[in-house]
Amino acid sequence: MNLSNIKAALFDLDGVVFDTEPQYTVFWGEQCREFHPETPGLEHQIKGQTLVQIFDKHFSGELQPMQKVITDRLNEFEKHMTFDYIDGFIDFIGHLRLNGVKTAVVTSSNRVKMEQVYQCRPEFKDMFDAILTSEDFERSKPDPDCYEKAALRLGAERTECVVFEDSFNGLRSGRAAGMRVVGLATTNSPESIASFADIVIDNYKGFSL
């Protein structure tokens, strides 16, 4: 994978910048066991989906009144999350910036959650040229809207961008945007995401342009 002409690196957040997916698995495991005991392991099936997508598919109809309950629980849960960087990320983002590559976070998380991130990680904002959240997009991943908007924000052509993603919807979004895609095997197995990415890595250790 030739990254020599890359001008912009676009990062999803959970499972790509921060190793938060195991925490979300715990949260959704509790909700799924309470509301969907008939589907053991549902928390693994919904990985990488947005809250709207999860609600539409699994908490509609009779369970729709529970959406607010779960949202309130999630907001409270996120207040107490830890935000540990994926191994090698700090060095990698520094390498990109030294080489003049612009960087952006492109996440389905909302601004409320991001305020929690900024409190826990005061240095976070300075790592990126732009941070795009769910409020900035008209359509959720796997639609390419979010990555197209990020490229426009950074003044880069799609062929000059590389997307870093861990979820199937995120990988599909980067592909649909016509960008090169690096898959992080932090949420799903390397084998399961290989066909959606140009290259698959476990973390950022030893990875560079």
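The values are calculated or read from the model by the stated rules, or taken from the named source; none is laboratory data. All values reported here derive from a predicted model rather than from experimental measurement. As a convention, Cβ positions derive from the backbone with ideal geometry for all residues, glycine included, and neighbour counts pool all protein chains shown. To get the accessible areas, we keep the full protein, side chains included, count just its heavy atoms, and leave off ligands, DNA and RNA. Shrake-Rupley method; radii C 1.70, N 1.55, O 1.52, S 1.80 Å.
Pairs 79/205; 57/113; 79/141; 47/102; 47/141; 47/125: which exceed 21 Å Cα-Cα?
Cα-Cα > 21 Å for 79/205; 57/113; 79/141; 47/102; 47/125; rest within.
Show me the helices of the chain, taken as full DSSP H stretches, that run 20 Å or more along their long axis by Cα and average -0.5 or above in Kyte-Doolittle hydropathy. Provide the component values of the computation, followed by the final result.
Numbers: long enough: 21-35 (21 Å, -0.97).
Span-like helices, by this rule, are absent here.
Using helices alone, what [θ] at 222 nm do you get for the chain, with -39,500 (n - 2.57) per DSSP H run of 4 or more residues, divided over all residues and rounded to the nearest 500?
Roughly -11500 deg cm²/dmol at 222 nm, from the helical runs in the chain.
Set Lys and Arg Cβ to +1 and Asp and Glu Cβ to -1, take the dipole of the range 1-113 about its Cα centre, and tell me which of 5, 49, 59 lies farthest positive.
Final value for the positive-end residue is 5.
Would you work out what percent of the accessible area of the range 95-178, with all protein chains in place, is carbon or sulfur (probe 1.4 Å)?
Whole-percent figure for carbon plus sulfur exposure: 46.
Out of (i) 0.94; (ii) 1.07; (iii) 0.96, which label holds the value of Rg/Rh (Cα atoms, Kirkwood Rh) that was computed here?
(iii)
How much of the DSSP beta bridge set in the chain is antiparallel, as a percent to the nearest 5?
Working: 1 of 20 bridges.
In the chain, approximately 5 percent of DSSP beta bridges are antiparallel ones.
Tell me the per residue accessible area of the chain using a 1.4 Å probe; a whole number in Å² is fine.
Accessible area per residue: 48 Å².
State, to one decimal in nm, how far the label point of residue 25 lies from the label point of residue 7, with both points 7 Å from Cα in the Cβ direction.
That separation, rounded to one decimal, is 3.9 nm.
Rounded to the nearest 0.05, what FRET efficiency is calculated for residue 120 and residue 99 with R0 set to 35 Å and r the Cβ-Cβ distance? Intermediate results must be reported in sequence, preceding the final value.
Values: r = 28 Å, r/R0 = 0.79.
The pair residue 120/residue 99 has a calculated efficiency of 0.80.
FRET efficiency for residue 192 and residue 84, Cβ-Cβ distance as r, R0 = 22 Å, nearest 0.05?
0.40
At most 16 other Cβ atoms within 10 Å and a DSSP loop assignment: could you name the GluC sites (Glu not before Pro) in the range 93-183 that fit?
Those satisfying the criteria are 123, 138, 157.
What's the longest bit of the chain with no exposed trypsin sites (Lys or Arg not before Pro), using DSSP loop states and at most 15 other Cβ atoms within 10 Å as the test?
1-78
Estimate the FRET efficiency between residue 139 and residue 68 by the formula 1/(1 + (r/R0)^6), using the beta-carbon distance for r and 25 Å for R0, to the nearest 0.05. All intermediate terms of the calculation are to be shown ahead of the outcome.
Details: r = 24 Å, r/R0 = 0.94.
With R0 = 25 Å, the Cβ-Cβ based efficiency is 0.60.
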